[in-house]
Every structure is written in structure tokens, then in C-alpha cells.
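To start, the structure itself, in C-alpha cells.
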Amino acid sequence: MRAALFHEFGGAISVETVADPSCSRDGVIVEVKACGVCRSDHHAWRGADPTLALPHVMGHEMAGIVAEAGPESGLSVGQRVTAPFIFGCGTCSDCLSGEPTICGTQTTMGFHTWGAFAQYLSVPNAPFNCVEIPEEIGFVQAAGMGCRVTTAYRGIVDRGRLAPGEWVCIHGCGGIGLSAVMIAKAIGAFVLAVDINAGALKIAQQLGADVCLNAANLSPDALSEAIFETSGGGAHVSVDALGHTSTFHASLNSLRVAGRHVQIGFPTGTHAEPTVPLLKQVYERQISIIGTRGMGAQGFHGIFDLATAGLLDLEALVSERIALDDLGDAIAEMDRFTAAGVTVVDRFD
């Protein structure tokens with residue numbers, strides 16, 4: 001099969017011919033029809049996890065067709081499927097309680113294992129990890145929702161407990177941030193979108209954000225004041241969708257007393273250990289700091305229900321469709337933090 005590999009961190013990503021994956025008894029082989037390009041792929045390529053084995057194939061926002069099904073997979077050849085990027089074991093207490101993202105023996109598509117920037121992908125434990133795609137949703141839409149929409153949904157709905165009528169402030173309007181905008185509006189919340197990229201803010205406005213603030217034009221204090229004035233005393237929920245020290249602190253400073261900060265963006269490098277204002281924020285203002293990472297296959301159905309009901313337009317997130325051969329340029333472009341929307345690989349031949 002054709003697959004996009006890199007042989008050294010930050011090095012060239014080249015399309016090569018490699019061996020097809022093998023199918024386990026409880027797994028499936030998926031012919032990949034679309035795969036989203038995520039900032040987490042950029043982190044992996046840049047060496048955020050130096051233990052990652054090289055050469056490596058990234059890609060964790062997959063949609064495709066079952067090409068081979070193991071006898072214990074419960075699936076059939078020809079079914080349209082997607083999967084979360086976190087593969088749970090399906091048998092431990094965490095998986096059985098609906099929390100596969102904290103499974104002690106989990107593996108991650110495109111990180112622990114080779115991913116979906118390839119013509120074929122092996123998915124283990126298919127009865128637990130695969131999700132059938134509704135006929136109303138296309139492959140590009142399903143891949144575009146990938147880890148971004150699913151992670152945002154779990155972050156603001158399940159973990160942040162955002163309720164209709166509450167204000168949510170979203171710091172960083174990349175794929176995750178824009179997904180959070182859409183989901184928040186779908187459930188009836190008010191949305192403040194913050195970014196330094198005018199193009200990203202324009203998309204956030206098109207997706208329904210009630211207020212868009214360009215942080216490049218505001219000091220941290222002025223940004224906080226604008227958020228408090230707009231939301232009538234601060235956001236109930238605030239999201240760091242980027243994973244930078246500046247967006248982490250901006251998120252905390254956006255919240256009203258007893259507000260909930262949700263950390264969705266993946267912190268790397270010097271941004272991984274920001275100073276937490278324990279006295280001022282956590283103790284005196286009773287702020288909750290909530291972590292979230294991915295979502296299990298069982299949670300996909302809530303998103304599909306919103307999409308098929310017309311409340312969530314997954315196609316609106318997709319800004320560019322590219323061929324597998326163009327992946328290297330798309331990943332390198334993320335160095336500049338200028339991309340808006342979601343890029344999807346939908347041509348693998």
C-alpha cells in the first residue's frame with residue numbers, strides 16, 4: 001500500500017510503498033477514504049513524543065470502508081466506519097464504565113501504532129472501537145470531525161457540563177476551537193471566540209459565534225475586561241483549545257466565580273507546565289480546572305445525532321481537501337499557525 005512516512009523528527013514526509021497491515025481475529029482492515037490533518041500530527045512530527053518509533057505513519061482522524069473483517073470483529077466487508085484515535089481494550093473496568101480514554105492498556109492510532117495516512121489501516125478490537133457511519137454523513141465529513149469534534153464534544157459537554165444559555169469562551173479557533181463553537185451553538189449556549197488570526201475568527205463567526213475577539217489587538221487585561229463585559233460577569237465555561245501558556249491563562253481569566261476551565265489543546269514544550277494560580281483562581285475564585293483527551297467510540301452517536309438532525313454541519317469545518325502526496329506541505333504549514341479550518345486527505349492513489 002501507499003503510505004506517508006517520516007524517518008526523522010521534523011524531516012521530510014514522503015509517500016512510499018509499504019507492506020499492507022494484517023488483520024487480527026477481533027479486528028478489521030479499513031480501506032481509508034479520508035483522514036483529517038490535525039495539529040497533534042504536527043506535534044508528533046516535531047518530536048513531542050521522542051519515544052515514538054521511526055519510521056512512522058501518522059493520521060488519526062479516519063473514515064473508510066471495511067476491506068477485511070476478522071471472524072470475531074462483528075463487522076462485515078463493505079461497512080462504512082470510523083474510529084476514535086484512542087483504542088481501548090474493551091474489557092477493563094474503565095472501558096466497561098464508558099471511559100476508554102483512561103484505559104491502562106490503550107493504544108493510539110497514528111501514535112503508538114501506524115496511522116491512517118495510508119491506503120489501509122488495522123483497527124483492533126473492532127466491536128468496541130469501530131463506529132458505523134450513518135449514510136447521511138460522507139467520508140470527508142466523518143474524517144473532518146475526527147479527534148477534533150469528538151474531543152471538543154467530550155470536553156465541553158461531558159467534562160465541562162456546558163448548559164443551554166451559558167456563556168463559553170473558546171481560546172484558539174483552529175480545528176478543535178471551531179468544533180467547540182459549533183457544538184456549543186448546537187446545544188444552545190452563547191459563544192465568545194478568541195484568536196489572533198482574523199481568518200479563523202471569520203470562520204468562527206460564520207459557524208455561529210456570538211462575539212469574536214482578536215487577541216492580537218488587546219492586552220491580556222483588556223481581553224479579560226471585554227469578555228467580562230460581553231458575558232455579564234465572565235464565562236461559565238472557558239476552553240484552551242490551543243495548549244499554550246498564554247491561552248491557558250487567558251482562559252482562566254475569562255471565567256466568572258466558580259467557572260470551569262477545560263484544557264482541550266495539547267500542551268507541548270515550555271507550554272506544558274504553566275504556573276497555576278492556585279490561591280487567586282482555584283481557591284479564592286473556586287475555579288475548576290478540567291482535563292480532557294479524546295472520546296470513546298460510544299460517544300460518537302451523540303455527535304452523529306446532532307449532525308443528522310441538522311444541528312451540526314460537519315462539512316462547514318472542512319477548508320481544504322488534499323492528496324496524500326501533499327501531506328508534507330500541509331504538516332509543515334502548521335509551523336506558522338496560519339491555517340484556518342480543517343484539512344482532509346481524501347485522495348490516496
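We did not get these values from a lab; they are worked out from the coordinates using the rules stated. Treat the numbers as computed from the prediction; the structure is a model and nothing was measured. With ideal geometry, Cβ positions are generated from the backbone for all residues, glycine too; neighbour counts draw on all protein chains shown.
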Revision key, fill the gap. For the chain, longest principal axis from Cα atoms; helix 139-153 axis from its Cα atoms; angle between them, nearest 10 degrees, is 40
Review point. Fully extended, how many nm does the chain gain between Arg347 and Arg321 (0.36 nm per residue separation, minus their Cα-Cα distance)?
Key: 8.5 nm
Check your understanding: Which percent, nearest 5, of DSSP beta bridges in the chain are antiparallel?
Key -> 50
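Order by neighbour count: Asp349, Asp335, Asp240, Asp20, fewest other Cβ atoms within 10 Å first, most last. Working shown, then result.
Values: Asp349 7, Asp335 11, Asp240 30, Asp20 14.
Ordered from fewest to most neighbouring Cβ atoms within 10 Å, Asp349, Asp335, Asp240, Asp20 come out as Asp349, Asp335, Asp20, Asp240.
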Review point. When the chain is treated as a GNM, springs tying every alpha-carbon pair under 10 Å, which of Leu327, Leu96, Leu223 comes out with the largest mean-square fluctuation?
Key: Leu96
Review point. For the range 71-176, what Kirkwood radius comes out of the mean inverse Cα-Cα distance, in Å?
Key: 15.6
Point to revise | Global size of the range 239-324 as Cα Rg and Dmax, reported in angstrom | key: 16.8, 52
Point to revise | Cα-only Debye scattering, the range 161-291: base-10 log of I(q)/I(0) at q = 0.09, 0.17 Å⁻¹ | key: -0.21, -0.79
Check your understanding: Which residue fluctuates the most in the chain, going by a Gaussian network model with Cα springs under 10 Å, if the choices are Ala226, Ala250, Ala193?
Key -> Ala226
Review point. What spacing in nm lies between the two simple spin-label points modelled at Ala222 and Thr105, each 7 Å away from Cα in the Cβ direction?
Key: 5.6
Point to revise | Most mobile of Gly259, Gly165, Gly208 in a GNM of the chain (Cα contacts under 10 Å) | key: Gly165
Review point. When the chain is fully extended, how far beyond the present Cα-Cα distance does Leu311 get from Ser24, taking 0.36 nm per residue of separation?
Key: 99.6 nm
